[in-house]
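Below is one structure, written out as structure tokens; comments come after it.
What follows draws every value from the coordinates through simple rules; no lab data is involved. As the structure is a computational prediction, the values presented were derived from the model and not from experiment. FYI the Cβ positions are ideal-geometry reconstructions off the backbone, even for glycines, and counts take in every protein chain you see.
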Amino acid sequence: MAVGIPAKKATFRFAQKFNGVVSTAIGGDQLYVLYSSKGTEGERYFKAFDLPRYNGLEDNVPARLRRKAEPHWRPMFLESGLLYVFGESPELIDVADWQPRYSEHESVANPEWATDGRFAYDGKRIYRAFGWNDYSRGLDIVENGKVVDHVDIDIQYFMPAADGLIYGVRLSAPVFCVYSLTEKTVKLEIPLGCFEFAPGVTLAPTSRDGDTLYVLAGDHVLVIDLTSFTLVGEFAYFNTAFMQTLVAGMKYKNQAFPRYISAHGGTALLSNVNSSGFVLCLSTVDGTQLWARKSNDEILAANTDGDLVFGLEERRPRAWDKYTGEEVWQASAGTIANTIEVSGDWVVYHQPAGDIQCFTWKKPYSSPHRRG
């Protein structure tokens, strides 16, 4: 992905005055927005914006799949031309024809499911968890609107499945697990007892870059090869000079544990959004520190395959040189966003309350500090 330095002003802004909540996903130059209205109509609907040809008139773009629904936020992801809509009455939408491949809007296959839920899809069948955060009862397998089988696995997964794989921490044991839905088989389990986590927290956020999975396991980053299903690396990032200095200045070490990981193009970014906000950039070759930056406010970083890292610091969209951390771009206006997505020639900043900001660039950025 060749990324560049955007204009300082957002090219487009969406849902600035919308009375409700929105969900956003982008694929290439296509931006998809799910609007959930708080108005008297109580409906939700999708819009698709072809950004290179968009004329700036949001109301003129036709709404797709209007449904009566409560104004709740629903996480939305785009994968292989399909929109995964989690949360209340989850759905799987084909954006080519706006037809549901799967929907719980009219009926559900198992009355024991909670209204809020998430699911995985392997190209043929739906794997539905019993509730939004209920992983204890495994996954029901659904075909043609009926439950046809069951998977007895208790992984706390979040993202849609890729290659029929789900991964996360198990409820029954402190292990990180990679599981094949299509094979109904545990492919890899890594005990987490030897790693240090913040007190009371055993979470393991992940970032996938091709066939490599990076896992933020407490005070370590684990590197997993998803072709051989082996652990190929462990990075003790708390031993870096930046983290040692950071922890030395804190009363409680638990404030130093990052919450997010974003790996692409030879680097892994760890970021934390509390009052001890920071970004730490590691080499994915050996886990060494490349650069880091500290903020007294929330800070978030999204990696790319190019020479830039897009971020949020002090409520302002920014970009940093991937190899040095030097700031090379800052938007002219602030944002309430808490999520960054990069696709095609666009970077999008968004969050449920709206004001989706879309930035684009004219030419790729080539770092003078590029290695290799």
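A few notes on this one:
- Once the C-beta distance of ASN338 and VAL247 is scaled by a Förster radius of 35 Å, the resulting FRET efficiency is 0.85 to the nearest 0.05.
- Those chymotrypsin sites (Phe, Trp or Tyr not before Pro) in the range 208-303 that DSSP places in a loop and that have at most 16 other beta carbons within 10 Å: PHE229, TYR252
- Spin-label model, ALA114 to LEU203: label points 7 Å out along the Cα-to-beta-carbon direction sit 1.6 nm apart.
- Simple rule: put +1 on each Lys or Arg Cβ and -1 on each Asp or Glu Cβ in the chain, find the dipole, and look at GLY131, THR335, VAL247; the Cα lying farthest toward the positive end is THR335.
- Under a Gaussian network description of the chain, with springs only between Cα atoms under 10 Å, the residue in ALA241, ALA256, ALA204 that fluctuates furthest is ALA241.
- Of the GluC sites (Glu not before Pro) found in the range 171-276, the ones in coil according to DSSP and having at most 12 other Cβ atoms within 10 Å of their Cβ are GLU183.
- Structure-based [θ]222 nm, the chain - -39500 (n - 2.57) summed over DSSP H runs of at least 4, per residue, nearest 500: -500 deg cm²/dmol
- Taking a ≥ b ≥ c as the square roots of the eigenvalues of the Cα gyration tensor, an a/c ratio of 1.5 or more together with a/b no larger than b/c marks the range 247-368 as oblate.
- Distance between the range 60-91 and the range 189-257 - C-alpha centres, whole angstrom: 33 Å
- Taking every C-alpha pair closer than 8 Å and separated by at least 6 residues, the mean separation divided by the residue count of the chain gives a relative contact order of 16 percent.
- For the peptides 95-108, 129-142, residues were scored by their other Cβ atoms within 10 Å and the scores averaged per peptide; the highest-first order is 129-142, 95-108.
- Note on the chain: with charges restricted to the Cβ of Lys and Arg (+1) and Asp and Glu (-1), its dipole about the Cα centre is near 940 debye.
- Gain in span if fully extended, GLN99 to LYS294, counting 0.36 nm per residue against the direct Cα distance: 65.6 nm
- Separation of alpha-carbon centers, the range 352-372 and the range 279-323, rounded to whole Å: 13 Å
- Dipole-positive endmost among ALA10, VAL33, VAL61 within the range 1-116 (Cβ charges, Cα centre): ALA10
- Here each label is just a point 7 Å from Cα along the line to Cβ, and for VAL61 and THR185 those points are 4.3 nm apart.
- In loop segments of the range 259-302 as defined by DSSP, the trypsin sites (Lys or Arg not before Pro) with at most 15 further C-beta atoms inside 10 Å of their C-beta are ARG259.
- Summarising the label geometry, the points placed 7 Å from Cα in the beta-carbon direction at CYS194 and HIS150 lie 3.6 nm from one another.
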